[in-house]
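Report on the following structure.
The values are calculated or read from the model by the stated rules, or taken from the named source; none is laboratory data. All of these numbers come straight from a predicted model, not from anything done at the bench. Heads up, the Cβs are rebuilt from the backbone with ideal geometry, glycines too, and the neighbour counts pull from every protein chain shown. We work out accessible area using only protein heavy atoms, side chains counted, and drop any ligands, DNA or RNA first. Shrake-Rupley method; radii C 1.70, N 1.55, O 1.52, S 1.80 Å.
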Amino acid sequence: MSGKAGKTLRRGIANALIAVTPKWKPSIEPWPNKSIIIGAPHTSNFDALLMVLIMWRAEREFNFLVKDEVMKVPVLKSIVRWLGGIPVNRRKSTGLTHGISQVAQQADTFTLCITPKGTRSKQDFWKSGFYRIAYENKLPITFGFVDSVSKTFGTGPTFEPTWDITKDMEVIRAFYADMLGFKPDRTSTPRLRAEDDAEAAAYLLRPVDDGPVS
(Lines give C-alpha, C1' and ligand atoms only; values in the text may rest on other atoms or scores of the structure.)
Protein backbone atom coordinates (compact mmCIF):
# COMPACT_ATOMS: atom_id res chain seq x y z
CA MET A 1 0.00 0.00 0.00
CA SER A 2 1.42 3.37 -1.02
CA GLY A 3 0.37 7.02 -1.12
CA LYS A 4 -1.63 8.78 1.59
CA ALA A 5 -3.44 5.63 2.70
CA GLY A 6 -0.16 3.79 3.16
CA LYS A 7 1.36 6.63 5.16
CA THR A 8 -1.71 6.81 7.38
CA LEU A 9 -1.57 3.06 7.99
CA ARG A 10 2.15 3.14 8.83
CA ARG A 11 1.63 6.09 11.17
CA GLY A 12 -1.09 4.15 12.96
CA ILE A 13 1.17 1.13 13.33
CA ALA A 14 3.98 3.33 14.63
CA ASN A 15 1.74 5.02 17.20
CA ALA A 16 0.46 1.65 18.40
CA LEU A 17 3.97 0.22 18.82
CA ILE A 18 5.25 3.37 20.51
CA ALA A 19 2.31 3.19 22.93
CA VAL A 20 3.43 -0.26 24.14
CA THR A 21 6.97 0.98 24.88
CA PRO A 22 6.07 3.60 27.52
CA LYS A 23 9.62 3.82 28.89
CA TRP A 24 10.82 5.26 25.57
CA LYS A 25 9.51 8.60 24.32
CA PRO A 26 9.66 9.82 20.70
CA SER A 27 10.92 13.31 19.90
CA ILE A 28 10.72 14.61 16.33
CA GLU A 29 12.14 17.83 14.93
CA PRO A 30 11.07 18.34 11.29
CA TRP A 31 13.79 18.03 8.66
CA PRO A 32 14.08 19.36 5.08
CA ASN A 33 12.67 17.62 2.00
CA LYS A 34 16.16 16.32 1.27
CA SER A 35 18.51 15.31 4.07
CA ILE A 36 20.92 12.69 5.33
CA ILE A 37 19.80 11.42 8.74
CA ILE A 38 22.60 9.91 10.78
CA GLY A 39 21.65 7.47 13.54
CA ALA A 40 23.68 7.24 16.74
CA PRO A 41 24.65 5.89 19.16
CA HIS A 42 24.09 2.67 17.18
CA THR A 43 24.52 -0.25 19.59
CA SER A 44 21.67 -2.70 18.90
CA ASN A 45 19.08 -3.86 16.37
CA PHE A 46 16.51 -2.09 18.55
CA ASP A 47 17.86 1.21 17.20
CA ALA A 48 16.73 0.41 13.67
CA LEU A 49 13.20 -0.44 14.82
CA LEU A 50 12.90 2.85 16.69
CA MET A 51 14.06 4.85 13.66
CA VAL A 52 11.54 3.08 11.41
CA LEU A 53 8.80 4.04 13.89
CA ILE A 54 9.97 7.66 13.78
CA MET A 55 9.90 7.74 9.97
CA TRP A 56 6.44 6.20 9.90
CA ARG A 57 5.14 8.55 12.58
CA ALA A 58 6.48 11.52 10.62
CA GLU A 59 4.88 10.10 7.45
CA ARG A 60 8.14 10.40 5.53
CA GLU A 61 9.41 8.06 2.83
CA PHE A 62 12.99 7.01 3.52
CA ASN A 63 15.82 4.70 2.52
CA PHE A 64 18.54 2.99 4.50
CA LEU A 65 21.59 0.83 3.76
CA VAL A 66 21.77 -2.88 4.61
CA LYS A 67 24.34 -5.63 4.05
CA ASP A 68 23.69 -7.37 0.74
CA GLU A 69 23.66 -10.74 2.53
CA VAL A 70 20.26 -9.76 3.93
CA MET A 71 18.84 -9.63 0.42
CA LYS A 72 19.63 -13.32 -0.08
CA VAL A 73 16.99 -14.34 2.48
CA PRO A 74 13.71 -14.69 0.48
CA VAL A 75 11.10 -13.41 2.95
CA LEU A 76 13.42 -10.93 4.68
CA LYS A 77 14.48 -9.53 1.30
CA SER A 78 10.91 -8.53 0.47
CA ILE A 79 10.39 -6.90 3.86
CA VAL A 80 13.65 -4.94 3.68
CA ARG A 81 12.88 -3.65 0.18
CA TRP A 82 9.36 -2.63 1.31
CA LEU A 83 10.86 -0.70 4.20
CA GLY A 84 13.27 1.14 1.87
CA GLY A 85 16.46 -0.89 2.22
CA ILE A 86 19.31 -0.44 -0.28
CA PRO A 87 21.74 -3.42 -0.38
CA VAL A 88 25.44 -2.68 0.07
CA ASN A 89 28.30 -4.97 -0.93
CA ARG A 90 30.97 -4.12 1.64
CA ARG A 91 33.48 -6.50 0.05
CA LYS A 92 34.23 -4.23 -2.91
CA SER A 93 33.87 -0.67 -4.17
CA THR A 94 30.67 -0.32 -6.20
CA GLY A 95 30.25 3.43 -6.70
CA LEU A 96 27.48 3.33 -4.12
CA THR A 97 27.68 6.95 -2.95
CA HIS A 98 27.61 8.21 -6.54
CA GLY A 99 24.63 5.99 -7.37
CA ILE A 100 22.72 7.24 -4.34
CA SER A 101 23.61 10.80 -5.30
CA GLN A 102 21.97 10.38 -8.68
CA VAL A 103 18.79 9.15 -6.97
CA ALA A 104 18.89 12.09 -4.55
CA GLN A 105 19.29 14.65 -7.31
CA GLN A 106 16.40 13.30 -9.34
CA ALA A 107 13.94 12.99 -6.45
CA ASP A 108 11.67 15.74 -5.09
CA THR A 109 12.13 14.39 -1.57
CA PHE A 110 14.98 12.25 -0.29
CA THR A 111 15.67 10.98 3.20
CA LEU A 112 18.55 8.55 3.66
CA CYS A 113 19.02 7.10 7.14
CA ILE A 114 22.57 5.94 7.87
CA THR A 115 24.25 4.54 10.97
CA PRO A 116 27.77 5.88 10.34
CA LYS A 117 29.44 3.56 12.84
CA GLY A 118 28.50 0.77 10.46
CA THR A 119 28.27 -1.88 13.17
CA ARG A 120 26.75 -2.32 16.63
CA SER A 121 30.12 -2.90 18.32
CA LYS A 122 32.34 -0.14 19.65
CA GLN A 123 34.63 1.39 16.99
CA ASP A 124 37.40 3.99 16.88
CA PHE A 125 36.09 5.58 13.67
CA TRP A 126 32.82 6.11 11.89
CA LYS A 127 32.53 5.25 8.19
CA SER A 128 32.58 8.38 6.06
CA GLY A 129 29.96 7.44 3.45
CA PHE A 130 27.30 9.68 4.99
CA TYR A 131 29.61 12.69 4.72
CA ARG A 132 30.53 11.89 1.11
CA ILE A 133 26.90 11.59 0.03
CA ALA A 134 26.10 14.88 1.76
CA TYR A 135 29.13 16.48 0.07
CA GLU A 136 28.27 15.22 -3.42
CA ASN A 137 24.75 16.67 -3.14
CA LYS A 138 25.38 19.57 -0.76
CA LEU A 139 22.75 18.05 1.51
CA PRO A 140 22.18 19.00 5.16
CA ILE A 141 22.73 16.45 7.92
CA THR A 142 19.97 15.69 10.42
CA PHE A 143 20.69 14.13 13.81
CA GLY A 144 18.84 10.89 14.48
CA PHE A 145 19.31 9.49 17.96
CA VAL A 146 18.52 6.73 20.44
CA ASP A 147 19.48 7.81 23.96
CA SER A 148 19.21 5.38 26.86
CA VAL A 149 20.04 8.15 29.35
CA SER A 150 16.89 10.18 28.66
CA LYS A 151 14.99 7.20 27.18
CA THR A 152 14.20 9.28 24.10
CA PHE A 153 14.60 8.60 20.39
CA GLY A 154 13.90 10.47 17.20
CA THR A 155 15.28 13.32 15.16
CA GLY A 156 17.06 16.42 16.40
CA PRO A 157 18.37 19.54 14.66
CA THR A 158 19.57 19.71 11.07
CA PHE A 159 22.83 21.45 10.23
CA GLU A 160 24.53 22.60 7.02
CA PRO A 161 28.07 21.18 6.80
CA THR A 162 30.91 23.59 6.08
CA TRP A 163 33.03 20.83 4.44
CA ASP A 164 35.71 21.49 7.00
CA ILE A 165 35.74 17.89 8.19
CA THR A 166 37.01 18.48 11.73
CA LYS A 167 34.73 21.48 12.30
CA ASP A 168 31.69 19.54 11.11
CA MET A 169 32.57 16.52 13.23
CA GLU A 170 32.90 18.77 16.28
CA VAL A 171 29.27 19.80 15.73
CA ILE A 172 28.27 16.14 15.51
CA ARG A 173 30.29 15.19 18.61
CA ALA A 174 28.71 18.02 20.58
CA PHE A 175 25.19 16.79 19.84
CA TYR A 176 25.88 13.18 20.86
CA ALA A 177 28.27 13.99 23.72
CA ASP A 178 25.93 13.11 26.59
CA MET A 179 24.07 10.25 24.90
CA LEU A 180 24.49 6.53 25.43
CA GLY A 181 23.14 3.79 23.20
CA PHE A 182 20.69 1.04 24.10
CA LYS A 183 23.79 -0.96 25.08
CA PRO A 184 25.94 1.76 26.71
CA ASP A 185 29.24 -0.15 26.62
CA ARG A 186 29.09 -0.19 22.80
CA THR A 187 28.74 3.59 22.47
CA SER A 188 31.53 5.19 20.42
CA THR A 189 32.72 8.78 20.06
CA PRO A 190 31.89 10.12 16.58
CA ARG A 191 35.17 10.50 14.68
CA LEU A 192 36.30 10.10 11.08
CA ARG A 193 39.70 8.78 10.07
CA ALA A 194 39.91 11.73 7.67
CA GLU A 195 40.20 14.13 10.62
CA ASP A 196 43.72 12.87 11.29
CA ASP A 197 44.70 11.55 7.86
CA ALA A 198 45.33 14.10 5.10
CA GLU A 199 45.19 11.48 2.35
CA ALA A 200 41.85 10.18 3.60
CA ALA A 201 40.53 13.75 3.83
CA ALA A 202 41.58 14.51 0.26
CA TYR A 203 39.86 11.37 -0.98
CA LEU A 204 36.69 12.12 1.00
CA LEU A 205 36.48 15.61 -0.54
CA ARG A 206 37.60 14.55 -4.02
CA PRO A 207 35.91 16.18 -7.04
CA VAL A 208 32.36 15.06 -7.69
CA ASP A 209 31.85 12.75 -10.68
CA ASP A 210 28.75 13.90 -12.53
CA GLY A 211 28.80 11.02 -15.01
CA PRO A 212 26.31 8.13 -14.93
CA VAL A 213 27.01 4.99 -12.93
CA SER A 214 28.25 2.25 -15.26
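Miscellaneous remarks
- Looking at L49, L53, just one residue is surrounded by 17 or more Cβ atoms within 10 Å (Cβ to Cβ) and over 15 Å from F143 (Cα atoms), and that residue is L53.
- The residues on offer are I100, I79, I38, I114, and the sole one that is exposed (fewer than 15 other Cβ atoms within 10 Å of the Cβ), hydrophobic (A, V, I, L, M, F, W, C) and at pLDDT 75 or above is I79.
- Flag for D185 being surrounded by fewer than 16 Cβ atoms within 10 Å (Cβ to Cβ), assigned to a helix (DSSP H, G or I) and touching a residue at least 40 places away in the same chain (Cβ under 8 Å): yes
- Hey, P190 open to solvent by 50 Å² or more (accessible area, probe 1.4 Å) and either more than 21 Å from E29 (Cα to Cα) or in contact with a Phe, Trp or Tyr (Cβ under 7 Å, 6 or more places away or on another chain) (or both) or not: no
- Among residues of the range 103-114 that are hydroxyl-bearing (S, T, Y), those with a Cβ under 9 angstrom from a residue that is surrounded by 21 or more Cβ atoms within 10 Å (Cβ to Cβ) and part of a helix (DSSP H, G or I), sequence gap 6+ or separate chain, pair up as T111/M55.
- Pairs meeting the criteria (first residue in the range 1-20 and without any contact (Cβ under 8 Å) to a residue 60 or more places away in the chain and under 15 Å from I54 (Cα atoms), second residue of a type in the set (V, I, T) and open to solvent by 60 Å² or more (accessible area, probe 1.4 Å), beta carbons under 9 Å, at least 6 apart or on different chains) are lacking.
- Taken over the range 151-165, the criterion of being over 16 Å from E29 (Cα atoms) and open to solvent by less than 60 Å² (accessible area, probe 1.4 Å) is satisfied by P161, W163, I165.
- Residue within the range 40-47 that is assigned to a strand (DSSP E or B) and of a type in the set (D, E, K, R) present: no
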